[in-house]
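Take a look at the structure set out below.
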């Protein structure tokens, strides 16, 4: 008997190109989730002015299904890096049509693998606005733990790399 998980398309992270940017901008969370994450057009605009931003489209097979952006201080010129450089999840979304299929968890593992490959960090952080329909469950399943800190109105979590 075949495990249904074995038949799911592979999840991958891909660079966003001129040919794919509109598809990524069109991805949306459910209306009740809009308080948890900025629109992809806002995130992409911010990335243009953030040399520490690393961003990718999330694909399931050949279908764009989400967006991720991390803040990686090691991307800054050495003279602009903070004394203790960090890395963390800045934006993370899966389109409402593709949620609850394991895509977010698979994509988050790929992001953590990328962070580990950087070799410069021991922890990876994120923060979230608490509430029903938010990302807490995905973060906990990936091993994130609360730090007890707040970033404005968001609870901070981290995972060991």
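Since every read-out is calculated from the coordinates, none of them should be taken as a lab result. Because the structure is a prediction, the values reported are computed rather than measured. Quick reminder, even Gly has a Cβ in these numbers, built from the backbone with ideal geometry, and neighbours come from all protein chains shown.
Quick notes on this structure:
- Efficiency of FRET between residue 49 and residue 97 - r from beta-carbon atoms, R0 22 angstrom, step 0.05: 0.15
- Enclosed volume per residue, in Å³, of the convex hull spanned by Cα atoms of region 4-160: 125 Å³
- Helical mean residue ellipticity (222 nm; -39500 (n - 2.57) per DSSP H run of 4+; nearest 500) of the chain: -6500 deg cm²/dmol
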